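Novice: Shown below is the structure under consideration.
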Amino acid sequence: MDEVTLLEGLLRSYSPTAAEQLAVEFLAHAMRGLDFQVEVDAVGNAIGWRGEGGRQIVLLGHIDTVRGEIPVRREGDLLFGRGAVDAKGALACFVAAVSQLTIPSGWQVVVIGAVGEEGDSRGAKAIVDRYWPDFAIIGEPSGWDRVTLGYKGSLLLSYRVEQPLAHPAAQAENAPEAAVAFWNRLTAAAAAWNEPYQRTFDQVTPILRQMQSGEDGFNGWAELWINLRLPAWFAPGQAFIELSALAGAGRLHLLDAVPAYLGEKNTALVRAFLSAIRAVGGKPAFALKSGTADLNLAAPVWGCPAVAYGPGDSNLDHTPNEHISLSEYRRSIGVLKEVLNQLMQV
């Protein structure tokens, strides 16, 4: 199976979060045919490895996508399909690159197609204590000539406020108004926190994801669902404490928290990427992302050099026009092969 057939097959295996089985079965079959040893673990991750050495490189991709199936088609150099960029392009790049290598004695290279990354990251959570790699590469779109060093953290919250109903003429604050007032206090606090910082990566970004309100004849209620993107200097626990002080008559509930991650530039892994990108005529650059990825979860546990890498334009993530350049995809495979060869000479 060549690299384009591999990617097309993954895209045709539609796999929104919590419904990844078809794609997992395809990937497991494809890896077996490419001389990987393969297993599907208890949570549904597709795992393939080559080599049996004591030193290890883990390539952690994700096989799930957001919802919204896109018909798979080619238009010249472009391949359209849900997940082409986020992040089946990177996962296919991992498999193709590793399949084309001779793994030296003393090394093992593991490729993981993790489930649930677009949800609760259950796939990554299930494997972080299973592997202890020397180097880790997370499969996310960076562009073939860029390396992602960090992702912002995430704080997912709900806010609920209840107020007794009153006649409109009483001009008492009702529950929806109280919820809006809390949101305004939150955004004002974020603006104050952000004042010393110019880079988006260093700023707090509040996002109002959903709001609802209603009443039962006696009391009114309103509820907000909020996501805060957090910089490395602001721990999720501290952010929750400070926001709780702004809750007023309502209550703030913590739904999920992921700290930011920012990796080092001066590592053998980063140097290998810079060298490999230059070797094929590129001008390497670094990226810092405002989203959150499995890099945030895995890298702090593993404690090894870790970056995110993969082909594709991340501006196309989750869009109805998601597509990838096949020439860029092939170029990223070449870069990754060179990176892995360099690392396994360390």
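Values quoted throughout were computed directly from the atomic coordinates according to the rules given, and no laboratory measurement underlies them. Quick caveat: nothing in here was measured; it's all calculated off a predicted structure. Positions of Cβ are backbone-derived with ideal geometry, glycine not excepted, and every protein chain shown enters the neighbour counts.
Novice: Under the Karplus relation 6.51 cos²θ - 1.76 cosθ + 1.60, θ = phi - 60°, what is the ordered set of whole-Hz ³J(HN,Hα) values for region 110-116, x standing for Gly and Pro?
Specialist: My calculation for region 110-116 gives 10, 10, 10, x, 7, 8, x Hz in order.
Novice: With everything on Cα atoms, drop me the angle between helix 3-12 and the longest principal axis of the chain, reported from 0 to 90° to the nearest 10.
Specialist: Taking the Cα atoms of the chain, the angle to 3-12 is about 30 degrees.
Novice: Find which of TRP225, LEU101, THR65 sits farthest along the positive direction of the dipole of the chain, computed with +1 on the beta-carbon of Lys and Arg, -1 on that of Asp and Glu, about the Cα centre.
Specialist: Towards the positive end, the residue furthest out is LEU101.
Novice: Here are labelled values, (1) 22.4, 81; (2) 27.0, 85; (3) 30.7, 133, and one is the computed Rg and Dmax of the Cα atoms in Å for what I pasted. Which one?
Specialist: Here the calculated entry is (1).
Novice: Tilt of helix 88-99 relative to the longest C-alpha principal axis of the chain, in degrees (0 to 90, nearest 10)?
Specialist: Rounded to the nearest ten degrees, it is 30.
Novice: In sequence order, what are the phi-derived ³J(HN,Hα) couplings for region 192-197 according to the Karplus relation 6.51 cos²θ - 1.76 cosθ + 1.60 with θ = phi - 60°, rounded to whole Hz, with x for glycine and proline?
Specialist: Values, residue by residue: 5, 4, 7, 3, x, 10 Hz.
Novice: Turning to a different aspect of this structure: If amide hydrogens are placed 1.01 Å from N in the peptide plane, which non-local residues have theirs closer than 5 Å to the one on GLN56?
Specialist: GLN108, ASP134, PHE135
Novice: Shifting gears a bit: Output ³J(HN,Hα) for region 228-238: one whole-Hz value per residue in order, computed from phi by the Karplus curve 6.51 cos²θ - 1.76 cosθ + 1.60 with θ = phi - 60°, and x for Gly and Pro.
Specialist: Result, rounded to whole Hz: 10, 8, 10, x, 5, 7, 10, 5, x, x, 5.
Novice: What is the helix-to-structure angle for 268-279, meaning the angle in degrees between its Cα long axis and the longest Cα principal axis of the chain, kept from 0 to 90 and rounded to the nearest 10?
Specialist: 70 degrees
Novice: Right, here's the next one. Show me 84-92, 241-249, 222-230, 207-215 ranked by packing, highest mean number of other Cβ atoms within 10 Å first.
Specialist: Put in order of decreasing packing, that is 84-92, 222-230, 241-249, 207-215.
Novice: Could you list which residues have their amide H under 5 Å from that of GLY291, counting only those 5 or more apart in sequence or on another chain, with H placed in the peptide plane?
Specialist: The answer is LYS152.
Novice: Hey, can you rank 330-342, 23-35 by average C-beta count inside 10 Å, highest first?
Specialist: 330-342, 23-35
Novice: Just report the Cα centroid separation between region 1-49 and region 108-162, whole Å.
Specialist: Cα centres, region 1-49 to region 108-162: 18 Å.
Novice: A further question on this structure: Given H placed 1.01 Å from N in the peptide plane, which residues other than close sequence neighbours of ASN45 have an amide H under 5 Å from its amide H?
Specialist: Hits under the 5 Å cutoff: VAL115.
Novice: Describe numerically, in nm with one decimal, the distance between label points set 7 Å from Cα along Cα→Cβ at ASN194 and at MET1.
Specialist: Simple spin-label model gives 4.3 nm for this pair.
Novice: Let me ask another. What is the distance in Å between the Cα centroid of region 71-94 and that of region 177-241?
Specialist: The two parts, judged by their Cα centres, are 35 Å apart.
Novice: Taking every DSSP beta bridge with both residues inside the chain, roughly what % is antiparallel (nearest 5)?
Specialist: 70 percent
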